[in-house]
1. Gain in length, SER355 to GLU549, computed as 0.36 nm per residue apart minus the alpha-carbon separation, to one decimal in nm?
2. Could you list SER592, SER264 so that the one with the fewest beta carbons within 10 Å of its beta carbon is first and the one with the most is last?
3. Is the shape of the chain rounded, prolate or oblate, going by the alpha carbon gyration tensor and its root eigenvalues a ≥ b ≥ c, with a/c under 1.5 for rounded and a/b larger than b/c for prolate?
4. Please tell me the relative contact order of segment 491-627 in percent, rounded to the nearest whole number, where contacts are Cα pairs under 8 Å and at least six residues apart.
5. Could you list ASP606, ASP59, ASP164 so that the one with the fewest beta carbons within 10 Å of its beta carbon is first and the one with the most is last?
6. Suppose we keep just the DSSP beta bridges with both residues in the chain; what percent of those would be antiparallel, to 5?
7. Angle check, please: helix 8-22 long axis (alpha carbons) against the longest principal axis of the chain (alpha carbons), in degrees 0 to 90, nearest 10.
8. Under the definition of Cα pairs under 8 Å and six or more residues apart, what whole-number percent is the relative contact order of the chain?
Amino acid sequence: MAGEKGTLPSLRQYWATQANELLHCSRRWEQVVRGDFTTTPTVEWLVNGELNAAVHCVDRHLTTGRRNKAALIWQGERDHEVRVYTYQMLFSEVCRLANVMKKKGIGRGDCVAIYLPMVPELVVTMLACARIGAPHTVVFSGFSAASLQSRLEDCRARMLITADGGLRAGRSIPLKPTADSALEEFAEVGSCLVVRRTDQKVEMVPGRDSWYHSELSAADISSDCEAESMAAGDPLFFLYTSGATGLPKQVRHGTGGYLLHALSSCRQVFRLEEDDIFWSTADLGWITGHTYSVYGPLGLGGTVLLHEGVPLYPGAARFWQVVEKFRVNKLYTAPAVIRALRRAEGALPPPAALSSLRLVASVGEPVDPGSAGWFAGLAGRPVPVIDTWCQTEAGGILFAPRTPDDPASSGTVGTPLPGIDAAVVDESGHLLPTGGCGRLLIRHPWPGMALQLQEEGEIGGVVTDGGYDTGDLARRDEENRYVILGRQADLINVAGQQLGTAEIEAALLAHPSIIEAAAVGIADTERGQAVYAFVTPRHDVPGTRRLLEELRSHLADKLGPAVLPVGLQCAPSLPKTKSGKIVRRLLRKIASGEDGGFGDLSALADPSVLAVLLAEKRRGETKIHLNL
Ligand code: PRX
């Protein structure tokens with residue numbers, strides 16, 4: 001069956017069973033999915049079904065033994081700041097906020113923008129929006145006024161919920177002044193609620209701004225609010241992704257299909273048990289935060305740990321302390337976090353402190369087998385460390401190991417989840433044999449797919465007769481496990497040999513002195529393209545020519561001659577998006593000798609990295625050319 005087209009009736013049957021088990025609809029759907037990439041240009045999930053996402057995440061648990069269970073445990077950046085919301089408390093606050101929104105004239109279909117740090121009010125706001133049918137768009141609190149403004153405009157937001165400020169790595173970050181600048185330019189936002197977090201002095205614009213907590217405690221605000229019955233295809237939220245390209249693009253997710261995917265993938269991958277503490281470290285501004293800190297685990301009645309700010313501030317010890325303090329059982333994180341923890345090995349906790357960990361999962365980028373294996377051995381007994389594949393457009397995880405015993409150290413993201421029909425195809429869409437490197441395609445609709453992918457022609461070229469092209473390169477093994485090789489746009493073509501970035505980078509990361517690596521293709525007169533690589537050494541290893549020479553022989557052992565980089569350059573840090581992804585598009589320009597024309601840099605976490613890399617390249621001291 002591996003790689004063969006999954007039959008439509010069996011996929012539909014699978015999702016119908018999942019929907020019956022997991023969804024509580026105010027009006028039952030008539031057909032689990034209508035349409036298919038190959039037959040009709042549009043797809044509709046849970047046809048004629050009606051439901052409400054907030055009801056799934058909160059109300060449903062009130063009539064069960066979970067009413068007084070912790071839904072949210074919030075750890076502030078300062079250790080003594082902890083807040084716990086039971087499901088009952090969450091219900092009351094969500095309803096109060098929903099009533100405040102209605103009082104301000106917000107209703108079905110009005111977009112609400114959320115520009116908050118990682119505080120419980122962020123989850124409350126998402127759920128309050130869901131309750132009244134107002135799609136939300138969470139804008140990561142590290143974004144600038146211009147980025148916020150462009151998002152407000154793009155989704156025509158009618159309300160903004162922000163805070164006076166936030167705490168990040170020990171610093172108090174002003175948010176309200178940033179929000180004010182964005183609002184100055186976009187007057188369609190009629191009201192702005194402000195959560196008090198840092199007690200910074202802020203300007204409040206009369207008639208537009210008010211304090212969140214005062215509004216919620218007003219005498220006319222009830223702690224009950226009827227939930228809107230939403231059509232399954234109504235939008236639940238918008239997100240702006242820059243994951244793949246570094247350029248922001250709006251992705252819309254619907255209510256019914258998305259929720260079905262969130263619930264079923266969360267259950268399948270994390271196997272949440274009633275008393276589990278589940279910690280997904282991603283910011284709520286990304287798809288992982290939406291699906292695996294809110295809609296998935298709360299929909300299943302789990303207990304979610306939310307951590308404010310940077311989980312590794314003031315150091316790695318903090319991360320371990322949080323795991324120990326709350327006895328975290330399931331952890332969902334990113335390779336960058338795992339690598340940073342590994343880098344700071346001195347701060348390791350005693351194995352007993354990690355004895356609660358039963359599953360660690362990684363997402364977002366390839367996790368190098370060395371780092372995954374390292375994490376697996378920390379608790380004094382083997383802890384499964386798995387890799388999972390997720391994408392903003394996908395709504396949730398599409399690939400994960402069938403059992404936790406298939407570790408990330410094998411280099412694969414596991415198999416397509418049940419109900420997902422994937423394939424690896426060549427340029428012309430033909431199925432590749434096992435082991436072939438090609439485009440990663442999802443051949444049949446899945447419930448978490450973005451609304452754009454369900455509509456005709458909106459994302460031209462991405463959905464074709466063959467299915468949805470994820471934009472990734474992959475390879476499939478005999479056991480139908482997938483290895484992700486990088487993005488198609490980052491493909492390097494050396495004398496006709498197509499190389500994904502991931503394998504070259506994994507080889508670089510296998511060197512004990514290297515903690516980050518990025519490979520790009522540059523023009524080469526003889527072979528079309530050649531590989532150029534940037535490496536970040538461990539903090540205690542100087543980035544010298546000697547190190548690069550050493551890497552040269554390391555690579556010669558690991559890679560064939562065609563794959564050997566023609567240039568190696570030390571990089572104190574790499575250009576990354578605010579969600580932590582390396583932006584290879586910019587590295588390609590630097591490697592090719594361009595020193596400008598970098599385009600829109602608003603998604604970058606730290607644009608100053610570019611100047612450093614350009615200067616290093618010009619100086620040429622920590623750069624070598626390998627003569628082949
Ligand atoms: O290239 C894949 C990579 O991240 C992309 C999706 O990025 P974004 O929409 O920002 O969503 C991030 C979700 C955490 C994918 O197209 N990616 C995601 N997971 C993995 C991965 N690459 C390699 N291994 C993974 N496990």
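FYI, it's all coordinate maths here, none of it is from the lab. Only a predicted model underlies this, so the values are computations on that prediction, with no experimental measurement involved. Neighbour counts run over all protein chains shown; Cβ positions are idealised from the backbone, glycine included.
1. Roughly 65.7 nm would be gained on extension.
2. Values: SER592 12, SER264 29.
Ranking SER592, SER264 by Cβ neighbours within 10 Å, fewest first, gives SER592, SER264.
3. Prolate, since a/c reaches 1.5 and a/b exceeds b/c.
4. 24 percent
5. Fewest to most other Cβ atoms nearby, the residues stand as ASP606, ASP59, ASP164.
6. Antiparallel bridges make up about 60 percent of those DSSP assigns within the chain.
7. Compared with the principal axis, the helix lies near 50 degrees.
8. Value for the chain: 11 percent.
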